[in-house]
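The values are calculated or read from the model by the stated rules, or taken from the named source; none is laboratory data. None of the values given here were measured: they were computed from a predicted structure. Positions of Cβ are generated from backbone atoms using ideal geometry, with glycine treated the same way; all protein chains shown enter the neighbour counts. Heavy atoms of the whole protein, side chains included, go into the accessibility calculation; ligands, DNA and RNA do not. Shrake-Rupley method; radii C 1.70, N 1.55, O 1.52, S 1.80 Å.
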Amino acid sequence: MKINWSAREVDVFLSLAETLSFRRTALQMHLSQSAVSGTVARLEEMLDVRLFERTTRTVQLTLAGEVFAEQARFLRHQMEETVRRVQEVAQLQVGRVALAALPSLAAGAVPRAFARFAAQHPGVQMELIDSLAGPAFDMVRAGRVDFALTAANPAYADLDYTPLVSDRFVLLMPRTHPLARGRGAVAWADVAELPHISMPAGTSVRQYAQEALLTHRIRFEPHYEVEHLATIAAMVAAGLGVSALPELAAQVVRRPEVVTRPLKAPVLHRPIGLITLRGRSLSLAAQAMVALLRQEVEDAEAQSG
C-alpha cells in the first residue's frame, strides 16, 4: 500500500471525525461538501477500508476509522512538533555550534564571543577545539566542526577562506629591557641579534618571523622554541629573551613584567580568516557566532591600536 495523503487531507478527516457532519466540516475547512466527500473517499481508497458509516441522516466512525483517527491525531501532533523544533532552530533557540580556532584566539576572542552568545541563545550548545591550521582544516572537511578560525589560507579546492581581521606583529620584551623605555615601533633588523623565543617551525608565527628577517637577508635562529604562548610570556618575563608575536596572541599572555612594541620594516600583519566547507551553508546559529567572533577580533585589534 502506497501512502500518499497530505496534511490537509488528514485535517479534513479529523474535522469530520470530530463533527460527524459533512456540512460543518465543509464550513470549518472552507471546502464544499463534495470536496470533503472526495477527500474521505481518497483516504478510504488508499487504506482499502471504510472509515465512516454514512446514511442520509448520520455519520459514524467505523472501528477502522476510530483507529485511524487516533493515529492521525498523533501524526498531526508529530508534524506540529517537527515544525516547532525547526522554527526553534531558525530562531536560535536550540542547536549546536562547533568550531576550531588557533590557540591565540581560543584563549582570547573566542571565549568572549561564547559568553555573549550563551547569554543571547542559552539553548544552543557550543564546542571549541583549539588547534593549529592543518588539523583544523581536516576537522572542517570531516564535518567535525562547522568552521575554523586560522591564519592560513588553505590550498584545498573543497574549502573556502573568508578574511576576518588583520593581526599586526609586536615584540614582547622584559620591562627591564632597554628597548622597553621607548614607545614607537622597532625595526626587525634592530632586534634580529637579540635572543628570540619563538614557536616551532611550521607554525604561522614562526613563518612570519622568518619572512620578516629574510627581507634583510637575515636568517631567523631563535634561542628557544616552545609551543605554548603562556610559556613564551613567562620566559620573556624571566629575561631569557624577546618574542615576536601577533598582537592578538600577545594580548592573551599579557603580564605586568612584559612590554610590547610594534614591529616595523616590514610591518607584518597575520590575516585571520574563516574556513568553511565549500558548498555547505552555515546554520543560523553558526552565522550568529561568526558575527560575534568578527566583532570580538575587530574590537581587540582596535584596542591594540
Checklist entry - Restricted to the stretch 196-215, and to residues that are part of a loop (DSSP other than H, G, I, E, B) and polar (S, T, N, Q), which residue is surrounded by the most Cβ atoms within 10 Å (Cβ to Cβ)? => result T203
Checklist entry - From the set of residues in the stretch 66-93 that are over 30 Å from P122 (Cα atoms) and of a type in the set (G, A, S), which is nearest to the chain's Cα centre (by Cα)? => result A72
Checklist entry - Can you name the residue in the stretch 216-230 that is farther than 14 Å from E257 by Cα and open to solvent by less than 70 Å² (accessible area, probe 1.4 Å) and, of all such residues, is farthest from the chain's Cα centre (by Cα)? => result I218
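Please verify whether the stretch 184-193 includes one or more residues that are under 23 Å from G241 (Cβ atoms) and open to solvent by 60 Å² or more (accessible area, probe 1.4 Å).
Yes, the stretch 184-193 contains a residue that is under 23 Å from G241 (Cβ atoms) and open to solvent by 60 Å² or more (accessible area, probe 1.4 Å).
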Checklist entry - So, in the stretch 23-32, of the ones that are assigned to a helix (DSSP H, G or I) and not β-branched (V, I, T), which residue ends up most open to solvent (accessible area, probe 1.4 Å)? => result R23
Item to check | Hits in the stretch 248-272 (condition: under 16 Å from A113 (Cβ atoms) and either open to solvent by less than 20 Å² (accessible area, probe 1.4 Å) or of a type in the set (S, T, N, Q) (or both)) | outcome: L248, Q251, I272
Checklist outcome for this item: Note on the stretch 146-195: residues part of a strand (DSSP E or B) and within 16 Å of V236 (Cβ to Cβ) are F169, V170, L171, L172, M173, P174, V186
Checklist entry - Can you tell me which of L105, L172, L159, L99 is touching a residue at least 60 places away in the same chain (Cβ under 8 Å), touching a Phe, Trp or Tyr at 6+ places or on another chain (Cβ under 6 Å) and open to solvent by less than 10 Å² (accessible area, probe 1.4 Å)? => result L99
Next on the checklist: Considering only residues that are in contact (Cβ under 8 Å) with a residue 60 or more places away in the chain and open to solvent by less than 50 Å² (accessible area, probe 1.4 Å), which ones fall in the stretch 115-129?
Outcome noted: F117, H121, V124
Next on the checklist: Take A90 and tell me if it is under 30 Å from F13 (Cβ atoms), touching a residue at least 60 places away in the same chain (Cβ under 8 Å) and buried (at least 18 other Cβ atoms within 10 Å of the Cβ).
Outcome noted: no
Checklist entry - Just a yes or no: is a residue in the stretch 280-303 part of a loop (DSSP other than H, G, I, E, B), farther than 24 Å from V140 by Cα and in contact (Cβ under 8 Å) with a residue 12 or more places away in the chain? => result no
Item to check | Out of V226, V165, sole residue that is of a type in the set (A, V, I, L, M, F, W, C), modelled with pLDDT of 95 or more and in contact with a strand residue (DSSP E or B) (Cβ under 7 Å, 6 or more places away or on another chain) | outcome: V226
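Residues in the stretch 44-55: is at least one free of Cβ contacts under 8 Å to residues at least 12 places away in the same chain, over 39 Å from the mean Cα position of the chain (by Cα) and open to solvent by less than 60 Å² (accessible area, probe 1.4 Å)? If you could, list the steps in order and put the result at the bottom.
Step one: filter the stretch 44-55 for residues free of Cβ contacts under 8 Å to residues at least 12 places away in the same chain, giving 44-45, 53-55.
If we keep only those that are over 39 Å from the mean Cα position of the chain (by Cα) as well, we get 44-45, 53-55.
Now drop any that are not open to solvent by less than 60 Å² (accessible area, probe 1.4 Å), which leaves 44.
Looking for residues that are free of Cβ contacts under 8 Å to residues at least 12 places away in the same chain, over 39 Å from the mean Cα position of the chain (by Cα) and open to solvent by less than 60 Å² (accessible area, probe 1.4 Å), one finds at least one in the stretch 44-55, hence yes.
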